[in-house]
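> Below you'll find the structure I mean.
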């Protein structure tokens with residue numbers, strides 16, 4: 001399992017993904033309409049049909065092999081529905097990232113317990129852009145999921161809620177304000 005590429009997301013666009021209400025939740029469709037989205041916010045298409053993406057204030061050609069970035073939760077959810085999938089829960093994401101079915105134990109990193117190296121993930125701001133999908137096979141989880149660390153955030157279907165026993169920080173606006181149905185967990 002690999003991250004969704006820009007190329008795959010372009011297939012969603014070409015299939016009318018932003019015009020097909022049945023792919024979107026009611027809240028997602030409302031967001032899409034209010035934001036005027038017909039593609040990811042930082043994507044543009046020129047008259048020749050070439051897609052471009054704004055990156056750090058500079059417009060660059062969209063690399064079809066890079067993972068999709070800058071899509072909101074609703075866009076990710078609609079894409080997943082179009083692809084016949086769903087977003088994982090936070091617990092499912094954690095299991096895909098850390099579970100080792102051979103030992104029956106959780107690992108510190110997707111690839112094991114050893115510290116990350118350049119072979120495992122795009123870390124430490126070595127690159128100012130995401131690596132192409134499949135660039136770090138040594139970083140795959142035991143369940144075969146690639147690029148779970150570094151590069152991009154992954155949306156989950158889980159709401160952002162406190163873990164059992166959570167104690168709010170003295171500054172409530174920095175912890176409790178994000179709990180509830182309006183916020184989702186990014187991993």
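The values are calculated or read from the model by the stated rules, or taken from the named source; none is laboratory data. Keep in mind that what you see is a predicted model, and the values were worked out from it rather than measured. A quick note on method: Cβ atoms are made from the backbone with ideal geometry, for glycine too, and the neighbour counts reach across all protein chains shown.
> Looking only at the stretch 113-138, which residues are touching a strand residue (DSSP E or B) at 6+ places or on another chain (Cβ under 8 Å) and either within 22 Å of residue 92 (Cβ to Cβ) or assigned to a helix (DSSP H, G or I) (or both)?
120, 121, 133, 136
One line per residue, one yes/no per condition, for (1) touching a helix residue (DSSP H, G or I) at 6+ places or on another chain (Cβ under 8 Å); (2) surrounded by fewer than 12 Cβ atoms within 10 Å (Cβ to Cβ); (3) within 23 Å of residue 163 (Cα to Cα); (4) without any contact (Cβ under 8 Å) to a residue 40 or more places away in the chain:
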{"residue": "59", "(1), (2), (3), (4)": "no, no, no, yes"}
{"residue": "64", "(1), (2), (3), (4)": "yes, no, no, no"}
{"residue": "68", "(1), (2), (3), (4)": "yes, no, no, no"}
{"residue": "74", "(1), (2), (3), (4)": "yes, no, no, no"}
{"residue": "88", "(1), (2), (3), (4)": "yes, no, yes, no"}
{"residue": "96", "(1), (2), (3), (4)": "no, no, yes, no"}
{"residue": "107", "(1), (2), (3), (4)": "yes, no, yes, yes"}
{"residue": "115", "(1), (2), (3), (4)": "no, yes, no, yes"}
{"residue": "129", "(1), (2), (3), (4)": "no, no, no, no"}
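> Is there a residue being at pLDDT 95 or above, under 15 Å from the mean Cα position of the chain (by Cα) and not in a loop (DSSP other than H, G, I, E, B) anywhere in the stretch 146-169?
Looking for residues that are at pLDDT 95 or above, under 15 Å from the mean Cα position of the chain (by Cα) and not in a loop (DSSP other than H, G, I, E, B), one finds none in the stretch 146-169, hence no.
Table: residues versus (1) under 21 Å from the mean Cα position of the chain (by Cα); (2) surrounded by fewer than 18 Cβ atoms within 10 Å (Cβ to Cβ).
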position	(1), (2)
7	yes, yes
22	no, yes
28	yes, no
32	yes, no
40	yes, no
43	yes, no
49	no, yes
53	yes, no
